[in-house]
Amino acid sequence: MSERHNLLRSLPAIDRILREQVLQELLQQLPQEVLSEAAQDLIATLRQEILETGNAISPERLQPENLAAKAAVKCRQLLQPSLRKVINATGTLLHTNLGRAPLSPQALRAINDVAAGYSNLEIDLDTGRRGERFSHVESLLTRLTGAEAALVVNNNSGAVLLALTALGKGREAVVSRGELVEIGGAFRIPDVMEAGGVILREVGSSNRTHLHDYQKAINDNTEILLKVHTSNYRIVGFTKEVTATELLPLAREKDLILMEDLGSGLLIDLSTYGLEREPTVPEVVKAGVDVITFSGDKLLGGPQAGIIVGRKDLIQKLRKHPLARALRIDKLTLAALESTLQLYLKPEQALQELPVLNMFTAAAEEQQQRCQHLFEQLQAAGLAAEVKLIEDVSRVGGGAMPLTELSDWALEINPHSGRAAELAKQLRTFSPAVVVRVQNDCLLVNVRAVFAEEEALLAQILISVLKAKD
């Protein structure tokens, strides 16, 4: 008992720790209360350890300078941004965990222009009267998609929720069981329908749904025929689905709303560049679908946004619904989206200027050359690892095209230590962080999603982590 008592008495006072130079220097950046709290937390942890275990604690752990150093590390973390830049060397282009689509230089300039001062977000500069924020992109969206009207909200989940709530609350929506999907963050279509007060009417089976399934489900309370993109999964083999085009005559006959959630949403066909064939938004509009929802930050290559296009009378109902305000898009996202959509006025410009489209369409031979250049730099650095240039595949990602793979190249780095996972973690501690794949206890570095201006820094970081110690 006396030993435990002596240990408790040996804990230094908080003010003694705060007098250490390392914390005194931080007073220029952080208030005294923050430094005191960090020191108090350390002392409290040590006190609890002594009381619970009674084990001897090394004198070094109790030294004021060592405790101050630990407190300083904790305090400096407050000065570092939690959300920060990452070099994406995974080969997954629309990486949900890494923020999906990077924005174009034009979009970044637009954000800066709007953020730096005031803007005409909700004022009509011609009349001087109150305007609608949606108007800044509606004409672009209608021109690019062929739809009668358009509306934007904060994300596609919100777009689906708004459309179902405004158009089908208290009524039934018919949807195939094979399309009752769950995507990232446990977002489930049935839950969204329930939240919107829409009654779910499931038809068909998980792998096969026929037109007559929809026909038999329709009753006096039916309002919507709903199609949902299955996004990040596919059912293959013995399957059958009813397309929106096939549902259209039924919707017209029964005076029902035909709604389709396209998920990612394409404005131009990318199948000629080796990507999986996906229906474009203009194609779906032309087919006659009444309401279409899709994302702004996936295949479109813009900021996170939920885009709704379709019949003017239905879009007007969505605008007037109270949820529209709760889900409305902010001015910075709106600026980025407008700039992104303007690039699509010339499709060839969009392919060049939008980072994700440029990454999608880059030739494998070009990627091989980039990998070869990085390989030569690493080889010349004397790494404690074996480096190989290997054939690889990159992936679209983002739940858009789960089966689509692009022929590619990568570096396979086999560290002599055999601790690939630990080295991958170390790469993530840099600023900017570097995220790679770990496979068969090797690091795989794919540069398709690495910007040209990041290549030299990527090489430096890899060398600093993998360089052989003298």
Of the criteria (1) touching a residue at least 40 places away in the same chain (Cβ under 8 Å); (2) crowded, with 21+ Cβ neighbours inside 10 Å, which one Leu266 fails: (1)
Some residue of the stretch 87-97 being farther than 30 Å from Arg437 by Cβ and either part of a helix (DSSP H, G or I) or assigned by TED's automatic domain parsing to the domain that holds Pro432 (or both): no
Checklist (1) closer than 14 Å to Val152 by Cβ; (2) charged (D, E, K, R); (3) modelled with pLDDT under 95 applied to Asp261, failing item: (1)
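Among the residues of the stretch 281-304, which ones are outside any loop (DSSP other than H, G, I, E, B) and among the polar types (S, T, N, Q)?
Here is the first cut: in the stretch 281-304, the ones outside any loop (DSSP other than H, G, I, E, B) are 281-287, 291-295.
Correct list: Thr293, Ser295.
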Verdict on Leu427 being modelled with pLDDT of 90 or more, more than 22 Å from the chain's Cα centre (by Cα) and within 30 Å of Leu79 (Cβ to Cβ): no
Extreme residue, surrounded by the most Cβ atoms within 10 Å (Cβ to Cβ), among residues of the stretch 418-456 that are among the β-branched types (Val, Ile, Thr) and in a strand (DSSP E or B): Val445
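Looking at Leu323, Leu332, Leu378 in this structure, which one is assigned to a helix (DSSP H, G or I), touching a strand residue (DSSP E or B) at 6+ places or on another chain (Cβ under 7 Å) and either under 17 Å from Ala89 (Cα atoms) or touching a residue at least 12 places away in the same chain (Cβ under 8 Å) (or both)?
Leu378 is the lone residue from the list that is assigned to a helix (DSSP H, G or I), touching a strand residue (DSSP E or B) at 6+ places or on another chain (Cβ under 7 Å) and either under 17 Å from Ala89 (Cα atoms) or touching a residue at least 12 places away in the same chain (Cβ under 8 Å) (or both).
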Strands (runs of 3 or more DSSP E) within the stretch 134-215 that include 3 or more residues buried (at least 16 other Cβ atoms within 10 Å of the Cβ) and in contact (Cβ under 8 Å) with a residue 40 or more places away in the chain: 149-153, 172-176
Selection status of Gln316, exposed (fewer than 15 other Cβ atoms within 10 Å of the Cβ), outside the structural domain of Thr293 (by TED's automatic domain parsing) and either in a loop (DSSP other than H, G, I, E, B) or of a type outside the set (Asp, Glu) (or both): no
Lone unmet requirement of (1) assigned to a loop (DSSP other than H, G, I, E, B); (2) under 30 Å from Gln77 (Cβ atoms); (3) in contact (Cβ under 8 Å) with a residue 40 or more places away in the chain; (4) small (Gly, Ala, Ser) for Ala459: (1)
Candidate set from the stretch 361-392 (those that are over 18 Å from Leu466 (Cβ atoms) and of a type in the set (D, E, K, R)); member that is surrounded by the most Cβ atoms within 10 Å (Cβ to Cβ): Asp392
Selected residue (criterion: farthest from the chain's Cα centre (by Cα)) from residues of the stretch 335-370 that are within 15 Å of Leu93 (Cα to Cα) and of a type in the set (S, T, N, Q): Gln367
The stretch 164-191: number of residues that are in contact with a Ser or Thr (Cβ under 7 Å, 6 or more places away or on another chain), under 25 Å from Pro322 (Cα atoms) and at pLDDT below 85: 1
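When you scan the stretch 128-138, do you find a residue that is closer than 16 Å to Ala305 by Cα and charged (D, E, K, R), even just one?
yes
Please pick out the residue among Leu345, Leu341 that is modelled with pLDDT of 95 or more, surrounded by fewer than 15 Cβ atoms within 10 Å (Cβ to Cβ) and of a type outside the set (D, E, K, R). Give the steps one after another, and end with the answer.
Values: Leu341 fails: surrounded by fewer than 15 Cβ atoms within 10 Å (Cβ to Cβ).
Just a single option satisfies the conditions, and that option is Leu345.
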Leading residue by the ranking (farthest from the chain's Cα centre (by Cα)) among those in the stretch 434-470 that are aliphatic (A, V, I, L, M), over 19 Å from Gln372 (Cβ atoms) and modelled with pLDDT under 95: Ala468
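The values are calculated or read from the model by the stated rules, or taken from the named source; none is laboratory data. Every value quoted in this text rests on a predicted model; they were computed, and no experiment measured them. Neighbour counts run over all protein chains shown; Cβ positions are idealised from the backbone, glycine included.
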